Structures are given as C-alpha cells and as structure tokens.
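A short reminder: the numbers here are calculations on the coordinates, not readings from a lab. Keep in mind the model is a prediction, meaning the values are calculated, not measured. Cβ atoms come from the backbone with ideal geometry, glycine included; neighbour counts cover every protein chain shown.
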Amino acid sequence: MQTQHLFSSADIPTVAAIEHAAAIIRRGGLVAFPTETVYGLGANGLDALAVRKIFAAKQRPSTDPLILHVAHWSQFAKVADLRGVETIVATLAAAFMPGALTLVLPKLACVPADVTANGPSVAVRVPAHPVALALIEASGTPIAAPSANLFSRPSPTTAQLVLDDLDGRIDAVLDAGSTRIGVESTILNLCQLPTLLRPGGVALEAIEAVIGEVLLPNEAVLSADHAQPAPGMLLKHYSPRARMLLLADDANVESIAQQFRHERLGLLLPSASMARVQSLAAVRFDLGHTAETMAAGLFKGMRELDQAGCTHILTHQLPPNGLGRAINDRLYRAAEGRVITGPAS
Ligand code: TXA
Ligand code: MG
C-alpha cells in the first residue's frame, strides 16, 4: 500500500487535505493525524473491520483497547453510559476539554468489542488540535486512535516519525508539524472512584484541584478488588532500541557517563545536566530547561539517538509532580523498570 502524505496548516486546517483524509476514514481506511499530545492512527471507531486494521498495521495485541476521539464532550453520550457520572464528567469537561484528558466510562452497545478489547468500558477524549477536530467533524464519526507507532515503540510527535514506523502500512498521514505536548493524554477511570490509569498531558494536581482526590492504581487495587491498571500498560513500552540508563536523579550523571564512555553513548538530558558532561564524547539530545520542553522532546530524542546508532541512552528522572509524573512514567517503561539509584559502582 502506498501511504499518502497530506499536508495541513496546524492552526487553520487545510480543507482539501481534511476532506481527503475524512473520505479515507469514512470508507474504512487508516489515517494518521496530529493531536496536541502525539500523532494518532485513526479509523472509524464504530466500524469493527476498520478498527481491526489499526491492530494489524501497528502489530498491536488485540487485548490493548483504543481511545475514541470525538469533537465535543457532549458526544460522549453516544458511546458511553453517563448515568451517575454526569456531574463529574461535566466538571472535568469544563476544566480540561478539549485537552489531554481521557475518561474511561461504561460503554454502550454500539461500540465494537474490538475498540474496547472485549471489555465493558470505553476510553473517550476530545483532542485540542484544530486538525484533529476538523478531521473528526468531517468524518462524521468517533475516531478510534492509538498512538501512530509500531507496538512498543516511542509515540511519534511528527509525521516523519509516523512514516518511519508505518510507511506502506496505512492509507495516509495528515502532516501538520510537531505536536505541542509530546506525551500522551492522562487517563482517568470513572467506572469506579476516580483512578489515574496513566499520567499524561494534564497534571494530576490540576485534576485533583477540580474533583478532589484521585486514586493511584495500587491504592485502587487496595480499595476495590476489581480495579486494575489500564490494560496494555505494559512495562516494556515506549522503548528505544538502545539500552536506557535511567538515573533516579541527576546526582550521578557524570560518574555513570564516565563509566559508559567506551560505549556509543547517547545523552538525553535537560540543559542543566547536559552542561555537566560537556567534555565527554557522546551523542547529545538536549531536552531544554522545563518539564514542557522535556515532554515535547522526549520521544523524538529516543528515536534520534537510536538512529545515531547509540547502544546506551543516559537520562534521569524529574521531581514527580506536574508533567514530571508523565515523563518519569515513560522513562521508567522505556528502561523496562530499571532505575539506577546508588552511586556508580
Ligand atoms: O494522547 C493520547 O492519548 C494518544 C492520542 C493519539 O490521542 N493516544 C494514545 O493511545 O496514547 P494509545 O492506544 O497509545 O494508549 C491508550 C491506552 C491503552 O494502552 C490503554 O492502556 C488505555 O488507553 N485504555 C484504552 N481504553 C481503555 C479502557 N476501556 N479501559 C482502560 N484503559 C483503556
Ligand atoms: Mg501508544
């Protein structure tokens, strides 16, 4: 299959490109498109055959459910049962939608089992990107979309990174430049007491300021037998090919870097930490000065250092608040749960 590369302005969606992409969605095809978090791989979310193509293109296990993207939160009621949660959904929508917040709600029968991995709930969100919203509107259907990468690879933040994984496997990519946030949406389960399933683009603190305490997955497991972390949240995820050397904090950046200086070492560090290993021979990807710039560069950095042939990528965690929580989660998975805490041995 030849993958079409369609271009749109990011702010004012290009009508011809949107119409072309929407026609592909309506006839059951696959279109990768930008959201404010990462690029998604979209299909008609009410068409089981179209949804199955997503799993095939990504080589994603069918046990990992998909998010339905709609243009306004009032459309949640078309795919989810809002009885008993109307108030909390309206409160969250007023504060964060459109935006990087996904809600897990009891599903309605019209949602194909392929979308929800046969489960009783459905994940929904309203992306804050003019191109994504225009595509959903023009398609006239909820769009099911996981991140547009091959399974377990870092999520793509540009159309070129989508093509690096999926060229020839999907009908089209709608290119509107880099995504703003760079990590995926925050996922909140409302089928039980509000529970964080995945930290992401909207900070936990901001959500708690609006709805009060949110349970973390292990707390939820303690408080309700049936509670589970999000399916598909596997430990090995978002992985570059190189081995990640994830430090708990920036204390040992110099000593670990020294220890691995004979490897082809990639440095994926905030500017301040990078400055401390200036003299070392290594491939560098500077993540900038703030949690926002780090999130925006994180996945691109992993992929670029891979492409530069690095065998090891050195990075460190951030204080676990705000976007730092989502960044640490992605780094932890990329490192397959191995965190270097002590001084270099
Ligand atoms: O920012 C994002 O959320 C991006 C953009 C494209 O919208 N999408 C994204 O999708 O990250 P994906 O498929 O890579 O991650 C969605 C995750 C699944 O892996 C699963 O953990 C969780 O959402 N999920 C989906 N449906 C669920 C459900 N019914 N119950 C619990 N978790 C669910
Ligand atoms: Mg993904």
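For the stretch 243-340, what mean projected area does the convex hull of the alpha carbons give, in nm²?
Values: hull surface 21.1 nm².
Projected area, direction-averaged: 5.3 nm².
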Debye, to nearest 20: dipole size of the chain, +1 on Lys, Arg Cβ, -1 on Asp, Glu Cβ: 720 debye
Backbone HN-Hα couplings from phi across the stretch 52-58 [Karplus 6.51/-1.76/1.60, Hz, Gly and Pro as x]: 4, 5, 4, 5, 5, 4, 8
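Going highest first, how would you order 20-33, 82-95 by mean Cβ packing within 10 Å?
Peptide ranking by packing, descending: 20-33, 82-95.
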Cα-projected label distance for residue 278 with residue 211, points at 7 Å along beta-carbon direction, nm: 4.7 nm
Amide hydrogen neighbours beyond the local backbone of residue 175, cut-off 5 Å, H modeled: 6, 7, 8
For 191, 110, order by how many other beta-carbon atoms lie within 10 Å, fewest first: 110, 191
Neighbour-count order for 97, 244, 302, fewest beta carbons within 10 angstrom listed first: 97, 244, 302
Least to most buried among 332, 238 (fewest other Cβ within 10 Å first): 332, 238
Phi-based couplings in Hz for the stretch 292-306 (Karplus 6.51, -1.76, 1.60; Gly and Pro marked x): 5, 5, 5, 4, 5, x, 3, 6, 4, x, 4, 5, 5, 5, 4
For residue 198, residues with placed amide H under 5 Å, excluding near neighbours: 187
Aspartates and glutamates with Cα under 16 Å of residue 78, excluding same-chain neighbours fewer than 8 positions away: 47, 86, 137
³J(HN,Hα), Karplus 6.51/-1.76/1.60, whole Hz, each residue of the stretch 240-250, x for Gly, Pro: x, 7, 5, 7, 7, 9, 9, 8, 5, 8, 8
Mean ellipticity per residue at 222 nm, deg cm²/dmol - from DSSP H runs of n ≥ 4 across the chain, formula -39500 (n - 2.57): -9000 deg cm²/dmol
Sorted largest first, extent of the stretch 116-216 alpha carbons per principal axis (Å): 44, 28, 28
Convex hull volume of the stretch 4-211 per residue (C-alpha atoms, cubic angstrom): 102 Å³
Amide H partners (placed H, <5 Å) of residue 243, local residues excluded: 312, 313
